[in-house]
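First up is the structure itself, then whatever we jot down about it.
The values are calculated or read from the model by the stated rules, or taken from the named source; none is laboratory data. Model, not experiment: these values are computed from the prediction. Ideal geometry is used to build each Cβ from the backbone, glycine not excepted, and the neighbour counts take in all protein chains shown. Keep in mind that these areas ignore ligands, DNA and RNA; they rest on the heavy atoms of the full protein, side chains included. Shrake-Rupley method; radii C 1.70, N 1.55, O 1.52, S 1.80 Å.
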Amino acid sequence: MNHLTALSAQDAPSQQALLDQLGRMLVETGRCDDRSLERAHRAAEESGRRFDGVLLQLGLVSERGLADSFAALLGLQIVGTDAYPVEPVLPERLQARFLRDVRALPIAQFPDHLVVAVADPLDGFAAQAIEAATGLPVTVGIAVPIELEAAFDRLYPRDDAMPAGGADDDSPLEEDAERLKDLASEAPVIRLVNQIVFRAVETRASDIHIEPFEDRLRVRYRYDGVLHEMESPPPRLIPAIVSRIKIMARLDIAERRLPQDGRIKLAVRGQEIDFRVSTIPSLHGETVVLRVLDRNAVSFDYGKLGLAPRVVARVDEMLALPNGIVLVTGPTGSGKTTTLYTGLLTLNAVTRKVVTVEDPIEYQLRGINQIQIKPQIGLSFAALLRSILRQDPDVIMIGEIRDLETAQIAIQAALTGHLVLSTLHTNSAAAAITRLRDMGVEDYLLTAVLRGVMGQRLVRRLCDSCKVEAPAAPELVARFGLERRTDRRPITLFHPVGCAACRDTGYRGRQAIAEFLAPDAEIERLIFARTDHSAIERAAVAAGMVTMFDAGIDAALAGTTTIEEVARSIRSEN
């Protein structure tokens, strides 16, 4: 690491020049935009603080992004989490309280110098004071603040988060709502929660899972449908972290016996991001899940979703119809809502009124009337649909058909000239027909209004930066009939490797694989005969439907995913 010359008061012009360069660098690298930078400068002038600190406080840039920019600007290195020591360095000469105050931590001692991780590389006081206290020249590395805090908590544990009376206090921390509010409002807790949230957005995680256990707090991010564990905060901060999130989501922090749901809106790198928050009581505290609803990370485009052109053509054909019901099926997290939103945006026009009834509203769509159900006040899917029909919309999207009453009103809407889009939780397109029948929908109504059913799943895409091509194993060729699926010889498949771009998973992003069932005369006959879904599926395949599994194998042959990933996401649920 390079030595950083300390910036004293006489160096103020030099510091200002560096800050000006930092601002330009943040904009040039896309970590911040001009508008956010100007906003931070105005706030800094009013508060008398440095603008980089204001950027962090307002959530306009991440701690990692700022640290990377400082490193590039000053020619220093970022201190990785593996560089922090197992035991404190020179604890007899350097007090923990002083190190916390100056936000600097010695991480390695050598005969001729000391390596120190600092949160603020422009503050020369910390390096000078540590040099004076130890008699060793200091070499500086840039620390990401959240990682520095975690290292401090591990190396210098403190009990200041405990109640004044200790463990035997009559009013323990978990039961004291006022004390929880105070703890949740402390700067380190706010910074820690913000960093957990911002990192999820920056790394494109879809969910954040915060789970308390007896001896630790586990934080996991979901990437491409798979959970990955992150560095865990100290367990003593469990009540404060959970309370902070509940305060942000406007939930009742004193209520820890019942599940709660809420929403958070935050500015992350200048973009407004919504988070759907759910809390559930567990053995060692409340588990919290935050669903990241980043409109900029979601593409409402069939091509980018990965849907096959033949499926897109059938969907467009159905959406062009003046009335009827079109369903999208699949388990939770299979992309049903995203597909419906994409369809709605193609229908959105000045000449057409589009209304949605959702639980919850995941993304706000410009020009579309979106309504949130509220069962606690009697505002259910069925109740809202009755009122909506009086306003005579052209297109109605129902978030999910859950019961017979909702299904009957949807059918009534379709029969009276409306196009109705909705979802069902079934494992295949054919199973949607039997599910509606099981709910109590009459066969003659089903055949009268059902225009098409799309079943879909999401599979992980192979990382284009590291995937490798290799000849397919003879067993795979024979088992899945690959010879009849492609003319390419020899038959090759791509395999995941892992690199920095994909977090060493071999996969980056997800794509949809789907099947589309359009009822014809034979399928209608089978519906009236009350056959099971497998017979309906066989008839659909005979009529030309490509099943989800076959669509997945085609995607694997095209090199966008793997057969193992297709089998994991489809076969495991059938």
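Per-structure values
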read-out	value
Surface accessible to a 1.4 Å probe, per residue, for the residues of the stretch 450-533, Å²	52
The chain: antiparallel DSSP beta bridges as a percent of all, rounded to 5	65
Enclosed volume per residue, in Å³, of the convex hull spanned by Cα atoms of the stretch 276-399	141
Virtual spin-label span in nm between Glu483 and Arg386, 7 Å along Cα→Cβ	6.3
Any cysteine of the chain lacking a neighbouring Cys Cβ under 4.7 Å - listed by number	Cys32
The chain: relative contact order in percent, alpha carbon pairs under 8 Å with at least 6 residues between	9
The stretch 334-387, accessible area per residue, ligands and nucleic acids excluded (1.4 Å, Å²)	46
Burial order of peptide ranges 74-84, 113-123, 199-209, 380-390 (average beta-carbon count within 10 Å, highest first)	113-123, 199-209, 380-390, 74-84
Candidate values [x] 17, 41, 35, 7, 0; [y] 21, 56, 23, 1; [z] 17, 43, 30, 9, 0, label of the one derived for P(r) over Cα pairs in 20 Å bins from 0, in percent	[z]
Per residue accessible area in Å² of the stretch 96-161, where ligands, DNA and RNA are left out and the probe is 1.4 Å	39
Angle in degrees between helix 404-415 and the longest Cα principal axis of the chain, rounded to the nearest 10	60
Contour excess over end-to-end distance, with Cα ends at Arg310 and Gln364 and 0.36 nm allotted per residue	16.6 nm
With eigenvalues of the C-alpha gyration tensor scaled by 5 and rooted, the stretch 418-518, Å	38, 19, 11
Relative contact order (%) - the stretch 433-574, alpha-carbon pairs under 8 angstrom, separation at least six	31
Those residues of the stretch 323-367 whose amide nitrogen sits under 18 Å from the label point placed on Asp301, 7 Å along Cα→Cβ	338-348, 366
Carbon and sulfur %, accessible surface of the chain computed with the full protein complex present, 1.4 Å	49
Cα-based reach from Lys336 at 24 Å (exclusive), listing lysines while leaving out same-chain residues under 8 positions away	Lys265, Lys304, Lys353, Lys374
Computed label-point distance, nm, for sites Ala96 and Arg530 using a 7 Å Cα→Cβ extension	7.2
Ranked by how many other beta carbons lie within 10 Å on average, peptides 557-565, 38-46 from highest	557-565, 38-46
